[in-house]
Amino acid sequence: VKAQLAVHSKALGAEVTPDMAMDRLLQLNTYATTKPSEYLAWFTQQTGGANPLGLLQDAAKHLGLTLTPAAEQKGGQADDAANDDDDLFKSPGQIAAEEKLKQANARIAQLEGGSNPATANAQGQAQPTFGPDTQAERDAASFRNVLSVMQTQLTELGAPAYPLFDALRPNMTVKAQNHMSQKGTWPTLEDMTRFYDEVQTELGLKPAAQPSPPPVNEQADSAAAATKAQRASKSIDGSGQGAPRRPALDRNASLDEVIRYNMDLSAAGEL
């Protein structure tokens, strides 16, 4: 694999990684299955060299077919008869030169499909009008990557980042189409994430927002903490930092005195 990648890297003048090679193969497979006729024309253009018609004719033989250049089909027998009369006044060299020119024109027409000249971008560089490398195909490939991310992306806990993607896809598709018709561009991952959230809300599938906790009353909390600390600081015998300024009960107090003492504490809220 490394040797093959090295060959392609050398041909392209840039490093080709395994991920890049796999992405390209998947892109070409998608293009070939969705637009087979364009893929065949593009493949012929890429591999046919100076004679793409010959390549197509050889391929047609495997199917028991014969291909005829479009220029020859347009001429017809009537044109051939007229040309034969004109040839009587031409030298063999002129006839041969015109025949070569006719064949060259036929190859060009077959290669370009009669209506597929290359366009130019803002920098004046030639841009293909069909094939997997047109701007439209590259944009479509980027969008397919966005959908793949939404289907496979996981959260930090390993759960699907978009668990309802497959269920919400039809509604998201409508929003994506509206986006394209209005803006003329494919939706980005940010756009599709927004559509995902919007559809959840519209279908009542998005979890309701949790109510905010009540505001914190710092003064009340401070007072409660002080009271708790005061009570906790009381000692068994009623002395201590938090104890009331009430004389401690004598250890030798009678039962009546103990009862009266505790009743007084209860009345004062000090128990």
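In the set ASN171, ASN178, only one residue is at pLDDT 90 or above and surrounded by fewer than 13 Cβ atoms within 10 Å (Cβ to Cβ); that residue is ASN178. Being touching a Phe, Trp or Tyr at 6+ places or on another chain (Cβ under 6 Å), at pLDDT 90 or above and on the phi < 0 side of the Ramachandran plot is not true of LYS183. Across region 6-58, the number of residues qualifying as assigned to a loop (DSSP other than H, G, I, E, B) and among the β-branched types (Val, Ile, Thr) comes to 2. Among the residues of region 59-70, those that are part of a helix (DSSP H, G or I) and either in contact with a Ser or Thr (Cβ under 9 Å, 6 or more places away or on another chain) or in contact (Cβ under 8 Å) with a residue 24 or more places away in the chain (or both) comprise ALA59, ALA60, ALA70. If we keep just the residues of region 159-203 that are of a type in the set (Ser, Thr, Tyr) and under 14 Å from the mean Cα position of the chain (by Cα), which is nearest to SER142 (Cα to Cα)? Taking the candidates together, the pick is THR188. One residue is enough: does region 182-189 have a residue meeting the conditions exposed (fewer than 15 other Cβ atoms within 10 Å of the Cβ) and in contact (Cβ under 8 Å) with a residue 40 or more places away in the chain? Yes: one or more hits.
Within region 154-165, can one find any residue that is assigned to a loop (DSSP other than H, G, I, E, B), among the acidic types (Asp, Glu), loosely packed, with under 11 Cβ neighbours inside 10 Å and at pLDDT below 95? Checked against the condition, which is being assigned to a loop (DSSP other than H, G, I, E, B), among the acidic types (Asp, Glu), loosely packed, with under 11 Cβ neighbours inside 10 Å and at pLDDT below 95, region 154-165 yields at least one hit.
The values are calculated or read from the model by the stated rules, or taken from the named source; none is laboratory data. Everything numeric in this text was worked out from a predicted model, so none of it was measured. Glycine gets a Cβ as well: all are built from the backbone with ideal geometry, and neighbour counts include every protein chain shown.
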